[in-house]
Each structure stands twice: as structure tokens, then as C-alpha cells.
1. Simple spin-label model, 7 Å along Cα-to-Cβ: GLU51 to ARG64 in nm?
2. Given the Cα atoms of the stretch 1-139, and with Rh set as the inverse mean 1/r over their pairs in the Kirkwood sense, what is Rg to Rh to two decimals?
3. Quick one: accessible surface of GLU67, probe radius 1.4 Å, all protein chains present, in square angstrom to the nearest 10.
4. Restricting attention to the stretch 1-43, which trypsin sites (Lys or Arg not before Pro) occupy a DSSP loop and are surrounded by at most 15 other Cβ atoms within 10 Å?
5. If we sort 170-182, 43-55, 90-102 on the protection proxy, mean other Cβ atoms within 10 Å, highest first, what's the order?
6. For a quick check: with amide H placed at 1.01 Å from N, whose amide H comes under 5 Å from ILE7's, ignoring anything fewer than 5 positions away on the same chain?
7. Starting from the eigenvalues of the Cα gyration tensor, five times each then square-rooted, give me the equivalent ellipsoid semi-axes of the chain, largest first, whole Å.
8. Along Cα→Cβ, 7 Å out, is where each label goes; now give me the distance between the ones at ALA16 and GLN226 in nm to one decimal.
Amino acid sequence: MDPTYSIVIPAYNESARLGTTLEKVLGYVHKQRWDAEVIVVNDGSRDNTAEIVRSFAAEDPVLRLVENPGNHGKGYSVRNGMLHARGRVVLFSDADLSSPIEESVKLFAALEAGADVAIGSRWLRAELQTQRQPLHRQLFGRIFNLLLRITLGLQFADTQCGFKAFKRAASQAIFPWQKIERWGFDPEILFLARKFGFKVAEVPVAWGHSGGARINPFIDGARMFQEMLRIRWYNMTGKYDGTGPSATQHAKT
């Protein structure tokens, strides 16, 4: 039988912290007595990320490893993990656990209350942040959020928090159409959720900045803006068309 929950963790060269992350996630899953699977997606890491996952999986059948065909980016990794997931509810979380795994119950509660997608937010209640980003990262995030509102009409306080949960029907309808494979994938999946008629709930969660983030506000910022325009172009040229009505129907089941 399929598990109730799937937890997807994308990982690229995460050997320094992945062991601690898996101890926390697996420990919490067992403490909650969840019927769950934990999936780590290895994005062509050059360190021993895969070996760490295999060593944990040998001791705990809840955990399994999915390997990307080389390095493709976080968006590709999340999509690959979500499409491999078998849970009735699927959560993806950053490998650094910037939002503690204990916060997942807030997203699951939003799904139980009627949402199809629940996204963690760092800015609905900023006082929940245990460690804020540097000021230049905060400024970049606010500018990017404003551009998303103007360009894609996404009226969320925070699209980029790496902590999002989906009912299975929503996940299976959205992720096969995701085309952005790197940092700009979050706005795309939220754009698709709205386009396909799914209800999205934004949920305030505890969050702490991790110094190991690999995003460059200038280089990656420019790329994310280009990807934002690509989403708009894909929609205008019909590349997302074909499943809207069926996705809406699945959302109601």
C-alpha cells in the first residue's frame, strides 16, 4: 500500500550536513509513527552524498535514494523526487532544514483543512525567523517578489521558501508540466497550481537562514528573472495547456 506521507529532500554535495538532517527527519517520522517514505534525490553530487544516504537506508527501509542523471539543478531534483513519491501527501524540504521538519504538521493541517497545496512562508509572520538572511538577500527577495506579482500575478508573501506540501492529485497534475530546472522553479509550480485550479494556502513557519546557501543574488537573480519571463512565455504559447480541466477535477476528489 502507498504511504500516507512522502518527504522529498533534494541534495547536491550535502555530505557535511546530510547525516544530521536524516537523523532529524527519520527520527521525527518514527516518533510521529507516520506511515511515510523519505526520498533523497542526489543531483550528481561530487562528494559522498549518495554513500551517506545508502548507509542510512541500509538501517532504515523508510529511506530511499533517487539518482539524477548528472547535475541538473534543484528544480529538476524536486520534480524527480515528487514524481517518484508514492505518498497521499508529498512534502519537499531543503536539505539544510531551514524550516525544521516539525513545522511540516502546519502544512499538513492546511491540506486537511481543504487546501491542495500548502507553502511555507518566512514573511507572513517574520517574528518566527530564528536567523534572518543578510540585508542584501532580503532586499533581493523583496524585489523578486514584487516582480512576480507584476509579471505572473502571484500574490504570495513568499514563493521561495523550500518547504512545500501537496496532495497527491495536485502533485501529479503540476510536476509533469514543470519546465524550469534550477532556482526559478518555485514560481512556476505555484503558477501552474493556480492555472490548474488548485487551492494554495500560504502558512507561516519557523525558519532560520543557513550560511551554506549556494545562490548568488546577482547571477542567479538575473537567471531567475529570465526564468520568470520564460514562464510567462510558456503560458502565452500554450506549453502548459492540456490538463487544466482534469487537474481541477482531480483537486476535488
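1. Calculated label separation equals 2.5 nm.
2. 0.96
3. Roll a 1.4 Å probe over it and GLU67 shows about 80 Å².
4. Here the sparse-neighbourhood loop sites are ARG33.
5. Descending mean neighbour count gives 90-102, 170-182, 43-55.
6. For ILE7, the qualifying residues are GLU37, VAL38, ILE39, LEU91.
7. Equivalent-ellipsoid dimensions as semi-axes: 26, 22, 18 Å.
8. For ALA16 paired with GLN226, the spin-label model returns 2.8 nm.
The values are calculated or read from the model by the stated rules, or taken from the named source; none is laboratory data. Keep in mind it's a predicted model, so treat the numbers as computed, not measured. Here the Cβ is made from the backbone with ideal geometry for all residues, glycine too, and neighbour counts use every protein chain on show. The accessibility values were calculated without ligands, DNA or RNA, using every heavy atom of the protein model including side chains. Shrake-Rupley method; radii C 1.70, N 1.55, O 1.52, S 1.80 Å.
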